[in-house]
Each structure stands twice: as structure tokens, then as C-alpha cells.
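The values are calculated or read from the model by the stated rules, or taken from the named source; none is laboratory data. Everything numeric here is computed off the predicted structure, so don't read it as measured data. Neighbour counts are summed over all protein chains in view; Cβ atoms, including those assigned to glycine, are modelled from backbone coordinates with ideal geometry. Surface areas here come from the heavy atoms of the whole protein model, side chains and all, with no ligands, DNA or RNA. Shrake-Rupley method; radii C 1.70, N 1.55, O 1.52, S 1.80 Å.
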Amino acid sequence: LRIEEGAHVDVLDSLIGDNEAVLGGGAYVFGPFARLFLSAGTILGSVGTPSLSPNRAVDLFPASAQGGGIWCGGGGSVYIENARIRANTSEGDGGGLYADRCGVSIRPTSGFVGNADGFVTFFENTAGGNGGGLYLANQSSVNWASLPANYCAGRATGNRAIGRGGA
């Protein structure tokens, strides 16, 4: 997915896997007001059934790969409501998501919390550089809410980075 300059894309109840790019193996979000919204059990990355390979960010030249699952920058935003960023890889930074002047909001709904999986997750993403699950740079922000109160509605587990910040 390439989302630029004010475009809004909603991805609901979908699988996005087995894609490759230098920036954002699964999705590239760039520019003021560009927005990606993931919800309704969407999985961006690898799943067992149907068998999909993970999304990958690959180096075109040394240290160029960023955001195995998602790359967001230039004033764009990513909203993850009821979705998973799972088993993506980057040869550089940000195995799951790389944010550069990007706003990231993670908010599961109460109905999703009761689901057997029950979480918004960054799970088993890998970076050859820094930020296995999530890498933020240059005035990026993340707001990760656990709603409703007293629920653990988000997790970052099993992520790995060769450099700093496994999760």
C-alpha cells in the first residue's frame, strides 16, 4: 500500500503479507494528513493459515531499509484499532513499524479485548538495526491505550533487534 498527501485508507478484516519494499514492506504512509487505519482483526504480516510470508523492508544500499511492516513519515498517521503487526522484518530499523514525523495511535475496542486473541500486538517482528517492533524518530509520537480500564489490551512480545530496542 502506498498512501500519500491526504489520502485515507481503511483496512478492515484483511491480511497483508508477503510484500517487499525499501520503505514499508506492507504499507508506506507519507505526507500531511496521509492516514492508514487498521481494524476488525486485520493482520499485517505473517500468519499460519492461510500461509503468508511476512512483509519485508530490504536494503537498496547500506542502511536504507526501514519499516518491515509499515513506514510512516512526513506528517502522516497510523491508527491501529483491532489489528496485529506480526512477524515482519527489516534489514534496517523498525521491524514492525518505522515512524519518522508520524503520529501512531493504538487503541483496541472493548469487544476486541474479549476476543480469544484479545490484543493489539506487535509480535515476532525483527530488525537488522534498531527497534524490533516499533522505531520512532524525529518528533514522532505514539499513544498506546489499554481500554477498557483494568484490561491489558496491547502487547509487544517476541520482537528482536540486532541493535537497540527489541520491542
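Miscellaneous remarks
- Being modelled with pLDDT of 90 or more and within 23 Å of E5 (Cβ to Cβ) is a condition met by at least one residue of the range 58-67.
- Residue match in the range 66-83 (condition: more than 23 Å from F123 (Cβ to Cβ) and either of a type in the set (V, I, T) or open to solvent by 60 Å² or more (accessible area, probe 1.4 Å) (or both)): no
- Within the range 147-167, restricting attention to residues that are modelled with pLDDT of 70 or more and of a type in the set (S, T, N, Q), the residue that is farthest from C72 (Cα to Cα) is T157.
- Single residue of the range 115-131 satisfying the filter (small (G, A, S) and modelled with pLDDT under 65) that is least open to solvent (accessible area, probe 1.4 Å): G118
- Index of the failed condition, A40 passing every other in (1) without any contact (Cβ under 8 Å) to a residue 60 or more places away in the chain; (2) farther than 18 Å from A161 by Cβ; (3) surrounded by 24 or more Cβ atoms within 10 Å (Cβ to Cβ): (3)
- Only a single criterion out of (1) assigned to a loop (DSSP other than H, G, I, E, B); (2) over 18 Å from T157 (Cα atoms); (3) open to solvent by 30 Å² or more (accessible area, probe 1.4 Å) is not satisfied by P54, namely (2).
- Among the residues here, G6 does not qualify as crowded, with 17+ Cβ neighbours inside 10 Å and assigned to a loop (DSSP other than H, G, I, E, B).
- Selection within the range 1-52 - within 14 Å of the chain's Cα centre (by Cα) and aliphatic (A, V, I, L, M): L1, V11, L15, I16, L23, A27, V29, L36, L38, I43, L44
- The requirement of being free of Cβ contacts under 8 Å to residues at least 24 places away in the same chain, open to solvent by 10 Å² or more (accessible area, probe 1.4 Å) and under 26 Å from A161 (Cα atoms) is satisfied by F61.
- Those residues of the range 9-37 which are over 15 Å from V120 (Cα atoms), loosely packed, with under 15 Cβ neighbours inside 10 Å and among the aliphatic types (A, V, I, L, M), in sequence order: V9
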